[in-house]
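What follows is calculated from the coordinates using simple rules that are stated; it is not laboratory data. All figures in this text were calculated on a predicted structure; none of them were measured in a lab. Please note: Cβ atoms are built from the backbone with ideal geometry, for glycine as well, and neighbour counts cover all protein chains shown.
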Amino acid sequence: MKLHYRISGAGSPLIILHGLFGTLENWGSQIATLSQHYQVIAVDLRNHGLSPHSDAIDYPLMAADVIELMDDLNIPSAAIIGHSMGGKVAMQIALEHPLYLNKLVVVDISPVRYTAHHDSVFQGLFSIDLDSLKSRSAADSSLAEHIDEPAVRAFLLKNLYRTEHKTFAWRPNINALYNQYSNISEAPFGHKYPGDTLFIKGNNSDYMLNEHQSDINRLFAQVKFKIIEGAGHWPHAEKPKVFSSIILKFLKDNHAK
């Protein structure tokens, strides 16, 4: 699949992969900072953003999509940052196609299967009648019946756009994401990755737990950890300066310590 992407800056390649219901646009502030040091390739994963839709979605497929993009851009290897679902895609690349990576950064996700925790999000999205929807505020009101957090609703509503026929539509393939959610919940798999790896956790997030440590160590040989205080599941957006400084230091180090 030919993914939508955006290149910023020059230098060694750095690929950024967003999370579930996200797009490359979510990384705007980080792209602005990191592209001063690297050639940043920000990607819309399949069924997200401006990339094509497909009924099929799992981590080997999404990893293969990114590999195809790297081949098309003549990038033999790159540093890859992935957040949440994108972190699992990045891990899948490392575990299945290790020669395509020189460094791996995984943001607030572990290589484990998660229980379903997006039920209210899907209920909210499906509650909106796009054919009769008149405004974003009306969409927000519908979402609010299922999702309490205004920040989560605002994040989801970034995916709502007007078509050329002036009706509303979703950028992501909501039906495919719902139907294949069990695949999205799955753990990445493959051979132990020998390269430098950094896991970043938001201190207030419950996505990365102490009990996941053994799974991480089993799959990643050279791993280090950073916890960002005062951040939740989106540390790159919640603490952007702290996040970018951690990333730049890790990428410039010759070896993970």
5 Å is the cut-off here: which amide hydrogens, built 1.01 Å from N in the peptide plane, fall below it relative to residue 15, excluding neighbours closer than 5 in sequence?
41, 79, 80, 81
May I ask you to evaluate 6.51 cos²θ - 1.76 cosθ + 1.60, the Karplus curve with θ = phi - 60°, for each residue of the stretch 232-239 and list the ³J(HN,Hα) values in order in whole Hz, giving x for glycine and proline?
x, 6, 10, x, 5, 9, 7, 10
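Mean shadow of the chain, computed from the convex hull of its alpha carbons, in nm²? Before the final figure, lay out the partial values.
On the way: hull surface 52.9 nm².
With the hull built on Cα positions only, its mean projection is 13.2 nm².
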Please list, ordered by chain and number, the residues whose modelled amide H lies under 5 Å from the amide H of residue 231; skip anything fewer than 5 residues away on the same chain.
203, 204
Out-of-range pairs (alpha-carbon distance over 31 Å; input 88/134; 134/241; 103/241; 2/226; 166/239; 158/241):
88/134; 134/241; 2/226; 166/239
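Under the classification rounded if a/c is under 1.5, otherwise prolate if a/b is larger than b/c and oblate if not, where does the stretch 1-78 fall, given a ≥ b ≥ c as square roots of the Cα gyration tensor eigenvalues? Provide the component values of the computation, followed by the final result.
Details: a/c = 2.41, a/b = 1.40, b/c = 1.72.
It is oblate, given that a/c is not under 1.5 and a/b is not larger than b/c.
Quick one: pull the percentage of alpha-carbon pairs in the stretch 33-147 with a separation above 18 Å.
Numbers: 4057 of 6555 pairs.
Beyond 18 Å sits 62 percent of the P(r) for the stretch 33-147.
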Run the Debye formula on the Cα coordinates of the stretch 62-209, all scatterers equal and no solvent, and tell me log10 I(q)/I(0) at q = 0.21 1/Å.
-1.24
Rounded, prolate or oblate: pick one for the stretch 190-257, where a ≥ b ≥ c are the square roots of the eigenvalues of its C-alpha gyration tensor, a/c under 1.5 means rounded, and failing that, prolate if a/b is larger than b/c, else oblate.
oblate
For the residues 239, 2, 103, what sequence is obtained by ranking on other C-beta atoms within 10 Å, fewest first?
2, 239, 103
What are the radius of gyration and Dmax of the stretch 119-179, computed over its Cα atoms and given in Å?
10.9, 31
Length gained, residue 136-residue 187, 0.36 nm per residue minus C-alpha separation, equals 14.9 nm
The stretch 140-257: Rg to Rh, with Rh as the Kirkwood radius over Cα pairs
1.05
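Please get the size of the charge dipole for the stretch 114-251, origin at its Cα centre, with Cβ charges of +1 on Lys and Arg and -1 on Asp and Glu, quoted in debye to the nearest 20. Working shown, then result.
Working: 15 positive and 15 negative charges, 136 e Å.
It comes to approximately 660 debye.
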